[in-house]
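Participant: There's a structure below that I have some questions on.
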Amino acid sequence: ETAALLFGLGRAQVALLRREEAWASLYRAFNYCIEVGDVAGAIAAAEGPVFFSLPSRYVETAELITRALALVTPESHEAGRLLSCYGRILGRMGEGDYDAAKEALDRALSIAERDGDTALEAETQANATVVDWWHFHWHESVQKGLRAIELAGRTDNPYAELTARWHVALALCVIGDSERARHQAAAQLA
């Protein structure tokens, strides 16, 4: 019950944009789940959406996801979801480790494709879009982002779609394609 309450509190704090408090609640929920042997609860807490929005917590988040990955079978669906999160964190943390991020994201995509999980594929492609953008791989960011947008539309995943559209628009601006960038920005606003 304590873990469930902490998880719920963390999700509510995310909705209220109380990111530091949400991170702390989800981190406590994760640790509590580990203590009581609730692997599913620990994984859910580790995947919390707040982790993406706290640069001050990237190192701790990477460690948390590493701990969560140790709880699951390496090629399981749960591993795919965690690897998708992990790749995004690794790609942006500090100076970012592009190769490690790409490896984690490629493994997540492989699992998503094997399982036919369009939602996981959309989210992973969106995360790869972000990592490519951060590492100045503009054309790859556009390519992966457009794939994420296509997949997100099939799964009703506004998070993946908005993340991809934002980074695709930015990458298109950088490479000088302002017309397509305007189209992505307008679609994002809609």
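Participant: Do we have S84 as of a type in the set (G, A, S), free of Cβ contacts under 8 Å to residues at least 60 places away in the same chain and open to solvent by less than 20 Å² (accessible area, probe 1.4 Å) here?
Facilitator: Spelling it out, S84 is indeed of a type in the set (G, A, S), free of Cβ contacts under 8 Å to residues at least 60 places away in the same chain and open to solvent by less than 20 Å² (accessible area, probe 1.4 Å).
Participant: Sticking with this structure for a sec: Which condition number in (1) over 15 Å from the mean Cα position of the chain (by Cα); (2) among the charged types (D, E, K, R); (3) in a helix (DSSP H, G or I); (4) farther than 26 Å from C173 by Cα is the one that R147 fails?
Facilitator: (4)
Participant: Next up: Of the conditions (1) surrounded by fewer than 18 Cβ atoms within 10 Å (Cβ to Cβ); (2) out of contact with any Lys or Arg (no Cβ under 6 Å at 6 or more places or on another chain); (3) in a helix (DSSP H, G or I), G96 fails just one. Which one is it?
Facilitator: (3)
Participant: Restricting to the stretch 129-147, give me the number of residues that are small (G, A, S) and touching an Asp or Glu at 6+ places or on another chain (Cβ under 7 Å).
Facilitator: Number of matching residues: 1.
Participant: Spot the failing condition for Y159; the list is (1) over 11 Å from the mean Cα position of the chain (by Cα); (2) among the aromatic types (F, W, Y); (3) in a helix (DSSP H, G or I); (4) over 13 Å from R88 (Cα atoms), and only one is missed.
Facilitator: (1)
Participant: For the stretch 162-179, give me the residue count where each residue is in contact (Cβ under 8 Å) with a residue 12 or more places away in the chain and assigned to a helix (DSSP H, G or I).
Facilitator: Residues that pass the stated criteria total 12.
Yes/no per residue for (1) open to solvent by less than 60 Å² (accessible area, probe 1.4 Å); (2) touching a Leu at 6+ places or on another chain (Cβ under 7 Å):
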site: L109; (1), (2): yes, no
site: T129; (1), (2): yes, no
site: D132; (1), (2): yes, no
site: H137; (1), (2): yes, no
site: V142; (1), (2): yes, yes
site: L151; (1), (2): yes, no
site: L162; (1), (2): no, no
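Participant: Here is a list of conditions, (1) touching a Phe, Trp or Tyr at 6+ places or on another chain (Cβ under 9 Å); (2) farther than 24 Å from L172 by Cβ; (3) open to solvent by 20 Å² or more (accessible area, probe 1.4 Å), and P74 meets all of them except one; can you say which number that is?
Facilitator: (1)
Participant: Next question, about the same structure. Would you mind telling me which numbered condition in (1) modelled with pLDDT of 90 or more; (2) in contact with a helix residue (DSSP H, G or I) (Cβ under 6 Å, 6 or more places away or on another chain) F51 fails?
Facilitator: (1)
Participant: Would a scan of the stretch 165-181 turn up a residue that is at pLDDT below 95 and surrounded by 17 or more Cβ atoms within 10 Å (Cβ to Cβ)?
Facilitator: No, that holds for no residue.
The values are calculated or read from the model by the stated rules, or taken from the named source; none is laboratory data. Since the structure is predicted, the reported quantities are computational estimates derived from the model, not experimental observations. Because the Cβ atoms are built from the backbone with ideal geometry, glycine has one as well, and the counts that use them run over all protein chains shown. The accessibility values were calculated without ligands, DNA or RNA, using every heavy atom of the protein model including side chains. Shrake-Rupley method; radii C 1.70, N 1.55, O 1.52, S 1.80 Å.
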